[in-house]
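Structure first, commentary second.
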Amino acid sequence: MKPLSHKHFWLASSLLILLAIPVAALDNGLAKTPPMGWNSWNKFGCNVSEKLIRETADAMVSTGMKDAGYKYVVIDDCWQVKRDADGTIVADPGRFPSGIKALGDYVHSKGLLFGIYSDAGSLTCEGRPGSRGYEFQDARTYASWGVDYLKYDWCHAERQDTLESYGLMSKALLATGRPILFSLCEWGSTKPWLWAKDVGNVSRSTGDITNCWDCKVSPDDNVGVVHILDLMNGTEAYAGPGHFNDPDMLEVGNGKLTPDESRAHFALWAILAAPLIAGNDLRSMDAETKAVLTDKEVLAIDQDPLGKQGRRVAKDVDQEVWARELQGGNRAVALLNRAATPQSITVKWEDLGYPAHLSAQLRDLWQHKDLGAKSGSFTATVAPHAAVLVTVQP
């Protein structure tokens, strides 16, 4: 091992001082409601480029996604290729010829915010340079590029402690003085809902989403929509303004979910107070996909300022009721049918914390239709692999 140069000794000493500072509850002023935006991974994987990101930023504006509340444009893995002689991370010059700062400036010129990806390990999931050992240097670099959002993965992090590793990057981001939303992509392996609110704004609570309704590509890592719901249930006590649990990005518009499955996927993410990070090609999405992603009434549930994550309040085989408390004491309720046949599903007022005799006004959010007053319960026939989404207002 080479002896530390004066420069590196100073950096190491500074790092030890910073590590000695206790981690307080994160308060960077961000994610007062769940973040909304777009990420390249679900649709494009490693096939990212300056052209794609610029065109996606354009499409986010032209399609009405920006007006609906989506603001972060995030490049996932594979934008980086190496480090230079000083250790600075280097973008792929073939795919990003203008550089990352110029790309961030372009995204900002559209009235949007710019996000990037790294990893807590020595390498990213696709084998590109990770941030281990370069946390403060990378944070300063990202801040100088105008980055507003960092997704931080957990590949190639053998023998690392999650809280220590993510806490280090959290401190590094705060030290830049730039507000950078910190998204922890730790896959739920060490129950981040128990500790991540002190470290980041968003923390993944599950393995990677797979573009399917009910499947498991691998036992723990890649799961369909309904299996993610199972993993999310029980984490609701650990989310709120400033920090939200993350069931992973949206698969709406990626061609494998049916229209009913897509609406159910989106509705349940709203009940979960989940980050809404679109993962489709915004440049070519059809009217049906756009209608789901920009539905104002469903988005209002996700963005409710109380910030309470919903939970499963009733289950009978494939019939489920999920509910979320809203500001003002109302409830948002999803009647979820996991079965392949239509089901009659009932929500009882007692399951929502209301007395049985209470009269409440109901509204169907997907149909944008008032259903009138109901007392004690509400029943709907729900199509296969679908969810009826209503608000209940006493």
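A quick yes/no check of all residues on (1) within 22 Å of residue 229 (Cα to Cα); (2) free of Cβ contacts under 8 Å to residues at least 60 places away in the same chain:
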| residue | (1), (2) |
| --- | --- |
| 316 | yes, yes |
| 325 | yes, yes |
| 348 | yes, yes |
| 359 | no, yes |
| 368 | no, no |
| 371 | no, yes |
| 378 | no, yes |
| 381 | yes, yes |
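Evaluating residue 324 against the criteria (1) in contact with an Asp or Glu (Cβ under 7 Å, 6 or more places away or on another chain); (2) crowded, with 19+ Cβ neighbours inside 10 Å; (3) not β-branched (Val, Ile, Thr) leaves one unmet condition, (1). Here is the figure for the stretch 200-230: residues that are in a helix (DSSP H, G or I) and surrounded by 17 or more Cβ atoms within 10 Å (Cβ to Cβ) total 5.
Residue check: residue 252 meets all listed conditions (1) in the same structural domain as residue 383 (by TED's automatic domain parsing); (2) under 23 Å from residue 151 (Cα atoms) but one, namely (1).
Within the option set 288, 325, 297, being out of contact with any strand residue (DSSP E or B) (no Cβ under 9 Å at 6 or more places or on another chain) and not β-branched (Val, Ile, Thr) holds for one residue only, 288.
Whether any residue in the stretch 146-167 is modelled with pLDDT under 95, of a type in the set (A, V, I, L, M, F, W, C), buried (at least 18 other Cβ atoms within 10 Å of the Cβ) and not in a helix (DSSP H, G or I) is what I want to check. Checking the stretch 146-167: not a single residue is modelled with pLDDT under 95, of a type in the set (A, V, I, L, M, F, W, C), buried (at least 18 other Cβ atoms within 10 Å of the Cβ) and not in a helix (DSSP H, G or I). From the list 256, 197, exactly one residue is in contact (Cβ under 8 Å) with a residue 40 or more places away in the chain, part of a helix (DSSP H, G or I) and not acidic (Asp, Glu). Which is it? Within the list 256, 197, the selection yields 197. When 278, 239 are checked against the criterion of being of a type outside the set (S, T, N, Q) and in contact with a Leu (Cβ under 8 Å, 6 or more places away or on another chain), 278 stands alone in meeting it.
Is at least one residue of the stretch 344-352 in a loop (DSSP other than H, G, I, E, B) and not aliphatic (A, V, I, L, M)? Checking the stretch 344-352: not a single residue is in a loop (DSSP other than H, G, I, E, B) and not aliphatic (A, V, I, L, M). Screening residue 21 with (1) under 21 Å from residue 178 (Cβ atoms); (2) at pLDDT 95 or above; (3) out of contact with any strand residue (DSSP E or B) (no Cβ under 6 Å at 6 or more places or on another chain) gives one miss only, at (2).
This table checks each residue for (1) surrounded by fewer than 24 Cβ atoms within 10 Å (Cβ to Cβ); (2) touching an Asp or Glu at 6+ places or on another chain (Cβ under 7 Å); (3) at pLDDT 95 or above.
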| residue | (1), (2), (3) |
| --- | --- |
| 235 | yes, no, yes |
| 245 | no, no, yes |
| 249 | no, no, yes |
| 256 | yes, no, yes |
| 267 | no, no, yes |
| 270 | no, yes, yes |
| 273 | no, yes, yes |
| 281 | yes, no, yes |
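Annotation note: of 339, 386, 332, the sole residue that is surrounded by fewer than 18 Cβ atoms within 10 Å (Cβ to Cβ) and not assigned by TED's automatic domain parsing to the domain that holds residue 258 is 339.
The values are calculated or read from the model by the stated rules, or taken from the named source; none is laboratory data. Everything numeric in this text was worked out from a predicted model, so none of it was measured. Counting neighbours? That spans all protein chains shown, and the Cβs are built from the backbone with ideal geometry, glycine included.
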